[in-house]
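Undergrad: Here it is: the structure, laid out below.
Throughout, read-outs are computed from the coordinates displayed, never taken from laboratory work. All figures in this text were calculated on a predicted structure; none of them were measured in a lab. When we count neighbours, we look across all protein chains shown, and the Cβ atoms used for this are built from the backbone with ideal geometry, even at glycine.
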Ligand SMILES: NC(=O)c1ccc[n+]([C@@H]2O[C@H](COP(=O)([O-])OP(=O)(O)OC[C@H]3O[C@@H](n4cnc5c(N)ncnc54)[C@H](OP(=O)(O)O)[C@@H]3O)[C@@H](O)[C@H]2O)c1
């Protein structure tokens, strides 16, 4: 049975992978959180790979606080770059397939249409720059790898835009949301399924791939769709703003083109609104 290691197991994507794992009984999964495997601890990562044998490692561990990364760049780089290097060199040494998750924030957003994998990168913030450095380490490591960039991840788990909107709306707070950026909200449950399909098939060339749901939206559109899908939030007022001050600069357009990933892995991403409705229908009334 193929053994798969998932790092960062308390995060939202890892928790979605744990849910998706039931559809992949041919794999044996090990989920490790930061206290069990801190990817920034080179000695610990080396010892772990020496003592265990895996077919694949899916790295979901990351420093994901885009705002905070501006004031503590060393922490962001330690996890998103050096931590990733620790995993990549060990995957290379022990011939483990590495699936590494990266971000739309490697782009500067000046392109008017969706980004393809070969477009020039130019991150605007520390988080994006640290993730790009992690990508570089993976590419240079010699490990068999897929780098999967995704965008605007949300799910029923953890801190994300969807849960934040639901929390505020549940408290009856009116909302003002920016129209300044356009991207694609991506259901982490769909990404989890796609990552496991990639491990299952491993049929395409190694390298960089984009995965997101289909279509595009502003954060305002995303919030609007969340409120619309919850009848109990119909009294909540949603206002637009064209400028929402933040520490970290963000790309104005970060829509990812996903054509490359579709055929080799038989992946057909859902439209973002359809996937959002599926998530709401599956958790509706349970939270
Ligand atoms: N969230 C988004 O909108 C988004 C968008 C594009 C790409 N991505 C990428 O998608 C991936 C999954 O993100 P996510 O939303 O699931 O993030 P998340 O919920 O923040 O999960 C990341 C997990 O990594 C853990 N972690 C942090 N430092 C670690 C370390 N040194 N060793 C081991 N684990 C560590 C975190 O633990 P603590 O919380 O205890 O630190 C957390 O449980 C990441 O690569 C992220 O960059 C995310």
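Undergrad: Rank these for me by crowding, 38, 119, going from fewest to most other beta carbons within 10 Å.
TA: 119, 38
Undergrad: Between region 34-90 and region 97-132, how many Å separate their Cα centres?
TA: 19 Å
Undergrad: Please compute the Kirkwood hydrodynamic radius over the chain, one decimal place, Å, based on all pairs of different Cα atoms.
TA: 19.4 Å
Undergrad: Please report the orientation-averaged projected area of region 58-164, defined via the convex hull of its C-alpha atoms, in nm².
TA: Averaged projected area of region 58-164's Cα convex hull equals 7.3 nm².
Undergrad: Let me ask you something else. Would you kindly state how much longer the chain becomes between residue 270 and residue 171 on full extension, computed as 0.36 nm times their sequence separation minus their alpha carbon distance, in nm to one decimal?
TA: 32.6 nm
Undergrad: Once every DSSP H run of n ≥ 4 in the chain is given -39500 (n - 2.57) and the sum is divided by its residues, what mean residue ellipticity at 222 nm do you get, rounded to the nearest 500 deg cm²/dmol?
TA: Roughly -11000 deg cm²/dmol at 222 nm, from the helical runs in the chain.
Undergrad: Within 10 Å of each residue's Cβ, count the other Cβ atoms and sort 278, 1 from fewest upward.
TA: In increasing order of surrounding Cβ atoms, one gets 1, 278.
Undergrad: Further question: Fewest to most neighbouring Cβ within 10 Å: what's the order for 211, 265?
TA: So the ranking, lowest neighbour count to highest, is 265, 211.
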